[in-house]
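The structure appears below as structure tokens.
The values are calculated or read from the model by the stated rules, or taken from the named source; none is laboratory data. No experiment lies behind these values; they were computed from the predicted model shown. Counting neighbours? That spans all protein chains shown, and the Cβs are built from the backbone with ideal geometry, glycine included. Each accessible area value is taken on the protein alone, full model and side chains, heavy atoms only, with ligands, DNA and RNA left out. Shrake-Rupley method; radii C 1.70, N 1.55, O 1.52, S 1.80 Å.
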Amino acid sequence: MNPYTNTALVTGGAGFIGSHLCERLIGRGTNVVCVDNYYTGTRANIASLIGHPGFEVMRHDVTFPLYVQVSQVFNLACPASPIHYQRDPVQTTKVSVHGAINMLGLAKRLNVPILQASTSEVYGDPLVHPQVEDYWGHVNPIGMRSCYDEGKRCAETLFFDYWRQHALQIKVIRIFNTYGPRMHPNDGRVVSNFIVQALRGEPITIYGDGSQTRSFCYVDDLVDGMLAMMDSGPGFTGPVNVGNPGEFSMLELAELVLRKTGSSSTIEFLPLPSDDPRQRRPDISLAKAELGWEPKVALEDGIERTIHYFRALVQ
């Protein structure tokens, strides 16, 4: 029997989302090769899996080729928060583009399916609301966020060219704002920012007037969507939106966090960063129809679980 017939490669496997995916794969009996260079991921995120007979960890940078034997590939490797991806924008683009080329080459050699963790950032500051998959986006190609936005757009291009040119079995999901335990406390994302500030009694900083909106998907729901996508038939490539269509303003989120933490923090308004999208909400009709997927965790419940995680870190 081939020992690699039930083995998944997860790049970025020690990251926030990757570690939850690794856990779920191990839980369903899949062996996992977890690859990470620990730029934003941490060994603490996968500590509970280390020593499991079906779990293997490799420190590796996906901008360099990788030679392993697996039966499926989940390509999640890329810093995903503005603070992290703007720290080294050239490397961010390399991870998205060279990393995609290397992982696609691996999947092609092995003739196995590969899933790309793309992003709602491919839509930029959208002129269509909510965002549907056939919308091409409104993206600044030379702005501060372009290393991530355009890197992920180029990765999607590569995936579909490998599909057309080499008949590679690809799966592309566009991830909308995701939150939950194991978020990096200093990643600059709005949920972690607000919770950490509230727990420390610091002012909650809102950029702009707080009217800009986001949709927040709990990490367990997202992993459900990723697995449903990989398990879908070979005829469905995506791209498909995976996110929570509930839409909340930054001010509403701040007030929810204050209520759930019992914090006495004040709210402080700061200037809006460049190219920050004014609104973001997925149309998930395609995910419902093709994957039978929709999120189950309400924002209030997910925020409570995330606060519980951060309390242990902050206090």
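Show me the ranking of peptides 163-172, 222-231 by mean Cβ neighbours inside 10 Å, starting with the highest. Before the final figure, lay out each step's value.
Details: 163-172: 17.4, 222-231: 20.8.
Ranking the peptides 163-172, 222-231 by packing returns 222-231, 163-172.
In terms of solvent-accessible area of protein heavy atoms at a 1.4 angstrom probe, what is the ranking of Arg305, Arg281, highest value first? Mind showing how you got there, number by number?
On the way: Arg305 105, Arg281 65 Å².
These residues rank, largest area first, as Arg305, Arg281.
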Next item on the list: Kindly express, to the nearest 10 degrees and within the range 0 to 90, the angle between helix 16-27's C-alpha long axis and the longest C-alpha principal axis of the chain.
Entry: 50 degrees
Next item on the list: For the range 182-197, just list the computed ³J(HN,Hα) in residue order, Karplus coefficients 6.51, -1.76 and 1.60, θ = phi - 60°, integers in Hz, with x standing in for Gly and Pro.
Entry: 6, 4, 6, x, 10, 8, x, 6, 5, 5, 5, 4, 4, 5, 5, 4
Check: With point charges of +1 on the Cβ of Lys and Arg and -1 on the Cβ of Asp and Glu, referenced to the Cα centre of the range 54-174, which listed residue (Pro89, His138, Phe74) lies farthest in the positive direction of the dipole?
Finding: Phe74
Note to self: Projecting each Cα onto the charge dipole of the chain (Lys/Arg +1, Asp/Glu -1 at the beta carbon, about the Cα centre), which of Pro239, Gly225, Tyr162 comes out farthest on the positive side?
What the structure shows: Tyr162
Note to self: Out of the chymotrypsin sites (Phe, Trp or Tyr not before Pro) in the range 10-100, which ones are loop residues according to DSSP with at most 10 other C-beta atoms within 10 Å?
What the structure shows: Tyr67
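Counting only protein heavy atoms and a 1.4 Å probe, tell me what percentage of the chain's accessible area is made up of carbon and sulfur. Please report the intermediate quantities before stating the final value.
Details: 6950 of 13430 Å².
Here carbon and sulfur together make up 52 percent of the probe-accessible area.
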Notebook entry, point to check: Could you work out the helix-only [θ] at 222 nm for the chain, with each DSSP H run of four or more residues adding -39,500 (n - 2.57) and the total divided by the number of residues, to the nearest 500 deg cm²/dmol?
Noted result: -12000 deg cm²/dmol
Next item on the list: Run the quick spin-label model on Thr63 and Lys260: label points 7 Å from Cα toward the beta carbon, then report their separation in nm to one decimal.
Entry: 3.6 nm
Check: Among Asn31, Ala100, Ala44, whose Cα lies farthest out toward the positive end of the dipole of the range 1-132, if unit charges sit on the beta carbon of Lys, Arg (+1) and Asp, Glu (-1)?
Finding: Asn31
Next item on the list: Mind checking the per residue accessible area of the range 158-315 for me, 1.4 Å probe, whole number of Å²?
Entry: 42 Å²
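Using the heavy atoms of the protein chains alone and a 1.4 angstrom probe, what is the accessible area of the range 17-157 per residue in square angstrom?
I get 43 Å² per residue for this part.
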Notebook entry, point to check: So what does the Cα-only Debye profile of the range 131-179 read at q = 0.21, 0.23 Å⁻¹, as log10 I(q)/I(0), no solvent term?
Noted result: -0.90, -1.01
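When Rg is the radius of gyration of the Cα atoms in the chain and Rh is its Kirkwood radius, what does Rg/Rh come to? If you can, show how the numbers build up before the last one.
Values: Rg = 18.8 Å, Rh = 19.8 Å.
Ratio of gyration radius to Kirkwood radius for the chain: 0.95.
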Note to self: Are there any trypsin sites (Lys or Arg not before Pro) in the range 194-287 that are in a DSSP loop and have at most 13 other Cβ atoms within 10 Å? List them by number.
What the structure shows: Arg278
